[in-house]
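Here the structure comes first, spelled out in structure tokens, and everything after it is commentary.
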Amino acid sequence: IGTSWKMNKTNEAAVAYIEELAEEIGRLRDFAAVQIFVLPPFTAISDVRRQLKEKNLPVLHGAQNVCWAEEGAYTGEVSASMIKGLDCHFVEVNHQERRKLFNETDQTANWKIKQILKYKMSPIVCLGDEEKTEWAQTEIFLKKQITALLADVAKEDIENVILAYEPLW
């Protein structure tokens, strides 16, 4: 179970949230059956990581996006190696907002997925249809999308891919 914080929470707010999360986890009885993760904004990843370690919380953390390139003149982008350097376990890609607002495609998401897997992290791959349709149409759309998103991904890496159904509607 996890949450992407989107473009919310300053570093101070992120640390305060981890404090609250620690209290909630302390109240859970059967925590072993659930893996919790958080995806803070890039600016708060280091503080969140530090806070999780200090509290000895069994919560994994990750990033909300990654660049498909290894390095280069991509102002404002963050590479998979940079994210791995922050001990991230997950990276979310292909979120509906990235597709809609930033014109990302199945192809660019595929490149990102391969970069994430290269650095031994798990991509959380959002997928979903754009309009509410009958299940048969949705199933066809999802199969086509998954095929494109996971094109040329090694079979041994597939088990590290997490699919998150997130339709645009």
- At a 1.4 Å probe, what is the % contribution of carbon and sulfur to the accessible area of the stretch 37-169? 54 percent
- In Å², nearest 10: area of M82 left accessible to a 1.4 Å probe: 110 Å²
- Note on the structure: Sparse-neighbourhood loop hits (trypsin sites (Lys or Arg not before Pro), the stretch 109-150; DSSP loop; Cβ within 10 Å at most 16 others) -> K120, K132
- Task: Using a 10 angstrom cutoff on alpha carbons, build the Gaussian network for the chain and name the most mobile of V15, V93, V34.
- Result: V34
- Task: Write down the accessible area per residue of the chain in Å², having rolled a 1.4 Å probe over the full set of protein chains.
- Result: 60 Å²
- Query: How far apart, in nm, are two points set 7 Å out from the Cα along the Cα-to-Cβ line at E77 and at A22?
  - Reply: 3.7 nm
- Set K6/K100; K53/K155; K112/K143; K84/K112; K9/K84; K6/K112 screened for pairs whose C-alpha atoms are more than 24 Å apart: K53/K155
- Message: Run the helix sum for the chain: -39,500 (n - 2.57) per DSSP H stretch of 4+ residues, divided by residue count, reported at 222 nm to the nearest 500 deg cm²/dmol.
- Response: -12500 deg cm²/dmol
- Return P(r) of the chain (all Cα-Cα pairs; 10 Å bins starting at 0; whole %; ordered from short to long distances). 10, 36, 34, 18, 3
- Taking amide H positions as placed in the peptide plane 1.01 Å from N, state which residues far from I36 in sequence (5 or more) or on other chains have amide H under 5 Å from it. L60
- Message: Pick from A44, A80, A13 the residue whose mean-square fluctuation is largest in a GNM of the chain, springs joining Cα atoms under 10 Å.
- Response: A13
- Note on the structure: PRE zone check, label point 7 Å out along Cα-to-Cβ of A164, amide N under 13 Å, scope the stretch 21-61, hits 36-41, 61
- Query: Between exposed GluC sites (Glu not before Pro) in the chain, where DSSP calls loop and at most 14 other Cβ atoms lie within 10 Å, what's the longest gap?
  - Reply: 1-69
- Item | Neighbour-limited loop hits for chymotrypsin sites (Phe, Trp or Tyr not before Pro), the stretch 1-83 (at most 16 other Cβ within 10 Å; DSSP other than H, G, I, E, B) | W5, Y74
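The values are calculated or read from the model by the stated rules, or taken from the named source; none is laboratory data. Here the structure is a predicted model, which means the values were calculated and not measured. Virtual Cβ from ideal backbone geometry, glycine too; neighbours counted across all protein chains shown. Heavy atoms of the whole protein, side chains included, go into the accessibility calculation; ligands, DNA and RNA do not. Shrake-Rupley method; radii C 1.70, N 1.55, O 1.52, S 1.80 Å.
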